[in-house]
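Before any comments, here is the structure.
The values are calculated or read from the model by the stated rules, or taken from the named source; none is laboratory data. Just so you know, these numbers come straight off a predicted model, no measurement behind them. Neighbour counts run over all protein chains shown; Cβ positions are idealised from the backbone, glycine included. Side chains included, ligands, DNA and RNA excluded: accessible areas come from the protein's heavy atoms. Shrake-Rupley method; radii C 1.70, N 1.55, O 1.52, S 1.80 Å.
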Amino acid sequence: MAVCVRQSRNSIINHVKAKMGLLGLTCLSSSMPSLNNDHRTLSAASLAKDLRNQNSVLENKPILYRTRRFDSTKPHQRSGVQSNVANSQFLDFPGGKVAFTSEMRFISESPKERIPCYRVLDDDGQLIEGGINVGKEIAVKMYSDMATLQTMDTIFYDAQRQGRISFYLTTIGEEAINIASAAALTIDDFVVPQYREPGVLLWRGFTLEQFANQCFSNRGDDCRGRQMPIHYGSKKLNYLTVASTIASQLPHAVGVAYSLKMDGKDACAVTYFGDGGSSEGDFHAALNFAAVTEAPVLFICRNNGWAISTPTSDQFRSDGIVVRGEAYGVRSIRVDGNDTLALYSAVRTAREMAICEQRPILIEAMTYRVGHHSTSDDSTKYRPVDEIELWRSARDPITRFRKWIESNGWWSSEAESELRSNVRKQLLDAIQVAERTEKPPLVDMFTDVYDAVPSNLSEQEKWLRETIKIHPQDYPSDFPL
């Protein structure tokens, strides 16, 4: 029987790649039968033969893991079940056959040992074993951006304390997660952030002037002053605008990833969240959504120990976040979030898996939030100061990575002094300019949602202008009408 194919050759190849479960499918296109137009007839027997041959080739290749996806029509046999067991000892369930057992055994609420944490550098910045393929150029840029991010956080935090901006939130102690993950991605990958990932934007080319314009909500702000400080966004850099609502970005990221999959793009979606976000329903919905649709999305959890003032011990009883991936059918890994090389390696590998296999990946980055949650928080009220200082000094990711690049002869004290001085000067200049730049006009509050402004919004704008005229003392004088 013939199968009438009404898709382009590339669409068929992309669909087959999405359904095969391993890396290294680059040779698939060469093994597919030739299709010269969109309406050729392809025999089912021929297609099946090509797929069997492709599986044979893949099975003979060395791989880092063996993929296993439960299939409702061809379920995999669970380990420990003998092949000669009669069919009557299985429940032929729609989700796959399940073996019966006469032993009543509950699944333990926790494993005997915690999931290990992948790391490459020890606390002194020395390679633990083997090597990792990171050259001088990318290593120096990673370090430079981490140091720039740290300097930017310090200066903007001080600006908020001086009353020059209304709000700020730092990434102190989590710089490696920002920069190393960004370095492992490409500009074609869509980033759906939480609010503690400005380093990803910095890596992609967002300038210090753009950061300052956003925090001061002036005319140069891409968001036109509609967002509170640190709620960045950049269409040009494929960085979706930050939303304060916890975990709401996770289902959005799956949708973006599914769109990339449907369009056959060589890219993935990447979303970030904290340990507190895993306590939201959107986290569970997103993981299940991603697993079922086999969407190429990376879930990167910054497990920094605290959801504002709530410790992880008050959030969940599981072994962190990483163990939840298996429950939803999502491949997962736990990584030392203060190890720049480990994060770069893990995210780079995860990205390749997500795109080549069309699957979601969960990464739990173990770190510590050294700074306060935000300028609205005083974390010394709920955690010991000596604990904070331990992570600030002995476990600082920037110091650790600096030791490694210095041991390679790629960095020096002179380079450090020059970098810090230049970044500080550039940022202070940017802040002075941003502070003097005119605010966006009043009309921008009512535009960019509808193609034509509806009557109700026009009326609201009219009422607001009349109110300002009657009570000018209650509105900023530097706000252009």
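Do we have any residue at all in the range 369-380 that's in a helix (DSSP H, G or I) and of a type in the set (A, V, I, L, M, F, W, C)?
no
Among the listed residues A290, A267, A257, which satisfies the condition of being open to solvent by less than 10 Å² (accessible area, probe 1.4 Å), farther than 23 Å from E326 by Cα, at pLDDT 95 or above and not acidic (D, E)?
Residue meeting the stated conditions: A267.
Just to confirm my filter: which helices (runs of 4 or more DSSP H) fall fully inside the range 392-481 and include at least 2 residues that are more than 23 Å from Y168 (Cβ to Cβ), in the same structural domain as T154 (by TED's automatic domain parsing) and without any contact (Cβ under 8 Å) to a residue 40 or more places away in the chain?
Working: elements: 397-407, 413-436, 455-470.
Output list reads 413-436.
Does I363 count as over 19 Å from the mean Cα position of the chain (by Cα) and open to solvent by less than 10 Å² (accessible area, probe 1.4 Å)?
When the stated conditions are applied, I363 does not pass them.
Is it the case that some residue within the range 325-345 is aliphatic (A, V, I, L, M), more than 19 Å from the chain's Cα centre (by Cα) and part of a helix (DSSP H, G or I)?
Yes, the range 325-345 contains a residue that is aliphatic (A, V, I, L, M), more than 19 Å from the chain's Cα centre (by Cα) and part of a helix (DSSP H, G or I).
So G173 passes all but one of these: (1) of a type in the set (G, A, S); (2) in contact with a helix residue (DSSP H, G or I) (Cβ under 8 Å, 6 or more places away or on another chain); (3) open to solvent by 20 Å² or more (accessible area, probe 1.4 Å). Which condition number does it fail?
Going through the list (1) of a type in the set (G, A, S); (2) in contact with a helix residue (DSSP H, G or I) (Cβ under 8 Å, 6 or more places away or on another chain); (3) open to solvent by 20 Å² or more (accessible area, probe 1.4 Å), G173 breaks only (3).
Picking from F273, F211, F289, which residue would you name as being in the same structural domain as V385 (by TED's automatic domain parsing), over 25 Å from Q358 (Cα atoms) and either in contact with a strand residue (DSSP E or B) (Cβ under 6 Å, 6 or more places away or on another chain) or of a type in the set (F, W, Y) (or both)? Even if it seems obvious, please write down each step before you answer.
Numbers: F273 fails: over 25 Å from Q358 (Cα atoms); F289 fails: over 25 Å from Q358 (Cα atoms).
Matching residue, one of F273, F211, F289: F211.
Which residue, of I321, I230, is outside any helix (DSSP H, G or I), open to solvent by less than 10 Å² (accessible area, probe 1.4 Å) and out of contact with any Asp or Glu (no Cβ under 7 Å at 6 or more places or on another chain)? Working first, answer last.
Numbers: I321 fails: out of contact with any Asp or Glu (no Cβ under 7 Å at 6 or more places or on another chain).
So the residue among I321, I230 that is outside any helix (DSSP H, G or I), open to solvent by less than 10 Å² (accessible area, probe 1.4 Å) and out of contact with any Asp or Glu (no Cβ under 7 Å at 6 or more places or on another chain) is I230.
Can you pull out the residues in the range 240-254 that are within 22 Å of E294 (Cα to Cα) and surrounded by 17 or more Cβ atoms within 10 Å (Cβ to Cβ)? Outline the logic, then answer.
Of the residues in the range 240-254, the ones within 22 Å of E294 (Cα to Cα) are 240, 247-254.
Correct list: L240, A247, Q249, L250, P251, H252, A253, V254.
Looking for something closer than 20 Å to G276 by Cα and under 14 Å from the mean Cα position of the chain (by Cα) - is there at least one such residue anywhere in the range 215-232?
No, the range 215-232 contains no residue that is closer than 20 Å to G276 by Cα and under 14 Å from the mean Cα position of the chain (by Cα).
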